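Following: one structure in structure tokens, then a few remarks.
The values are calculated or read from the model by the stated rules, or taken from the named source; none is laboratory data. Just so you know, these numbers come straight off a predicted model, no measurement behind them. We place every Cβ from the backbone using ideal geometry, glycine too, and count neighbours over all the protein chains shown.
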Amino acid sequence: MTTPEPSATLVVLDLVGIFVFAISGALVAVRKELDVFGVLVLAGVTGLGGGFLRDVLIDAAPPAALEDWRYLMVPVAAGLVTFLYHPALGRMERLVNVFDAFGLALFCVAGALKAVDYGLGPLPAALLGMTTGIGGGMMRDVLAGRVPVIFRGELYATPALAGALVAVMLDRADVPYGLAAAAGATVCLVWRLLSMWRGWQAPVPRGSASV
Amino acid sequence: MTTPEPSATLVVLDLVGIFVFAISGALVAVRKELDVFGVLVLAGVTGLGGGFLRDVLIDAAPPAALEDWRYLMVPVAAGLVTFLYHPALGRMERLVNVFDAFGLALFCVAGALKAVDYGLGPLPAALLGMTTGIGGGMMRDVLAGRVPVIFRGELYATPALAGALVAVMLDRADVPYGLAAAAGATVCLVWRLLSMWRGWQAPVPRGSASV
Amino acid sequence: MTTPEPSATLVVLDLVGIFVFAISGALVAVRKELDVFGVLVLAGVTGLGGGFLRDVLIDAAPPAALEDWRYLMVPVAAGLVTFLYHPALGRMERLVNVFDAFGLALFCVAGALKAVDYGLGPLPAALLGMTTGIGGGMMRDVLAGRVPVIFRGELYATPALAGALVAVMLDRADVPYGLAAAAGATVCLVWRLLSMWRGWQAPVPRGSASV
């Protein structure tokens, strides 16, 4: 989730993103009535899974999170907080979703720019950025025994792909790194928040699905 | 999905295989009433997942598909075609299954020979060839929330393993590469088509399953 | 699943662990009424999946099991035995669970010490040890279409994490390798067996889960 010399600001943003994603994973586990270990695993998988998937695919193993204990402690903290205070967190779900949008914006841009650093072209890099943003949530849903919610109409992956593409394209046009990242993250964040507030939906196939 | 200097023919065959696999993934998504993004993801995962899994396991990362935009565009095209014309495709399922058998034959042989190129022994290489052929479909089913259909009686993995073994063994016996590949693919294809037409089934355990 | 020059004893123990894990996977497949191929795949995934996951994450690809045919034959044997004799095995489930505890103890320690050899710090190494022990069972459950059983109250992952931590810490304190491994494995084994016999459960979240 980091590029060669990440600034302190970037690391903090990254950890906040992991924390918020991990809370979403832990809330799913609580609702499925899993035990404390299930809560911690879903927190960890949701917070770190997207980055792990990206690192394995671009051969940046071992994933950064395995070499920095802060990346491991943050999902544990998120899991324990959720385990203890889930009724309160459940009532703040709207707020959690706003933070989650920030996490998505950060992850898609950071993931895409890391893939560029590892030599991938613009399109694959943008797809890996999107994967970094949505991968953890997909693993969460598979482990919790449900079809990934991002396949069910809500606009979630499209903003991530758009933000990643913007960041990669600006970076390619020699726009300074920080500016390219900020522009991409803003595109993703604004689109995602607007989708949530306006209830925008992705189109579904028309007509009956013949079996 | 490619060996060092793949001929144009091989690339075309490979892309056709990905296209057909991707259509099978997109059809599952349509039947599960997923949105357009779910359709595209299941198309991509089904078309490319087996090759990704193989490349990660033999440490050939980043997977070839991430370095060649054609490999990424083909599942997108298959997904969009299915999204728009799924009623017609659903009616042609038998034809889709025949193409799918061609895809399986190609993937199992190409995957096995790539594993040999990366230094694996004959048996692991054949298993990775089979994995290349069936991995995408397994990921499709897990993401769609169902037990992989290839565990449910239909003969699908066995022909893939047989074809991969034939190709690897002939390659080891210094038979020219193209001939070894063609022989292996033929074994897989004929066996798979015969199974479909005759309704051959894999054996299931006998007796009640004590819980 | 092996360190640089594994002794014959270690290899035998490792193969026994894979065999027992593979039987647990095959039994799940039989109960889900999968065909013989499904039984073999679930046997292989359960026996080898945890080690594959670890090797991919620490970039020790290709996984050791792909370079040693014995590691591939053991799950096949376990799958065939279960396919043929599952009623008898089902009646011996308590015994299978005891062997499974031995497998868990072995895998968590061997996985953690291998991660140390690959340069990971103590905490990530212990987590990877736990992952080696529980990863195969999690994949088994996802492929069989159920939420991983280890999220459902039974104490399984905690003993694995504790055993891995003990082994890593003693190894760091320059305790001889064999002694560190034995101590870690004993901690895991005793804790797991006691949990089984006393019916210890992991805590679950309190209060209703607001949706």
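The figures follow:
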item: Where a residue in the stretch C:69-89 is without any contact (Cβ under 8 Å) to a residue 40 or more places away in the chain and closer than 14 Å to C:Ala43 by Cα and its partner, wherever it lies, is of a type in the set (D, E, K, R) and surrounded by 15 or more Cβ atoms within 10 Å (Cβ to Cβ), with Cβ under 6 Å and at least six apart; result: none
item: Selection count where residues are part of a loop (DSSP other than H, G, I, E, B) and either surrounded by 14 or more Cβ atoms within 10 Å (Cβ to Cβ) or more than 13 Å from chain C (Cβ to nearest Cβ) (or both), scope the stretch B:164-211; result: 11
item: Qualifying positions in the stretch B:143-156 - surrounded by 19 or more Cβ atoms within 10 Å (Cβ to Cβ) and aliphatic (A, V, I, L, M); result: B:Leu143, B:Ala144, B:Val147, B:Ile150, B:Leu155
item: Close pairs from the stretch C:160-182: first under 10 Å from C:Ala112 (Cα atoms), partner at pLDDT 95 or above and surrounded by fewer than 13 Cβ atoms within 10 Å (Cβ to Cβ), Cβ under 6 Å, at least 6 apart; result: none
item: Any pair with Cβ under 9 angstrom, 6 or more apart, that starts in the stretch B:7-36 at a residue that is within 14 Å of another protein chain (Cβ to nearest Cβ) and over 15 Å from B:Phe102 (Cβ atoms) and ends at one that is in a helix (DSSP H, G or I) and at pLDDT below 85; result: B:Ala26/B:Leu89; B:Leu27/B:Leu89; B:Leu27/B:Gly90; B:Leu27/B:Glu93; B:Leu27/B:Val96; B:Val30/B:Leu89; B:Val30/B:Gly90; B:Arg31/B:Gly90
item: Leading residue by the ranking (surrounded by the most Cβ atoms within 10 Å (Cβ to Cβ)) among those in the stretch A:12-63 that are among the acidic types (Asp, Glu) and part of a helix (DSSP H, G or I); result: A:Asp55
item: Any hit, the stretch A:82-90, residues being at pLDDT 90 or above and touching a helix residue (DSSP H, G or I) at 6+ places or on another chain (Cβ under 7 Å); result: yes
item: Matching residues in the stretch A:38-74 - criterion: being farther than 21 Å from C:Ala60 by Cα and more than 11 Å from chain C (Cβ to nearest Cβ); result: A:Ala43, A:Thr46, A:Gly47, A:Val74
item: Within the stretch B:89-135, considering residues that are among the basic types (Lys, Arg) and surrounded by fewer than 24 Cβ atoms within 10 Å (Cβ to Cβ), the one nearest to the chain's Cα centre (by Cα); result: B:Arg94
item: Options B:Leu89, B:Leu161, B:Leu128; residue that is away from chain C (no Cβ under 14 Å) and either among the polar types (S, T, N, Q) or in contact with a Leu (Cβ under 8 Å, 6 or more places away or on another chain) (or both); result: B:Leu89
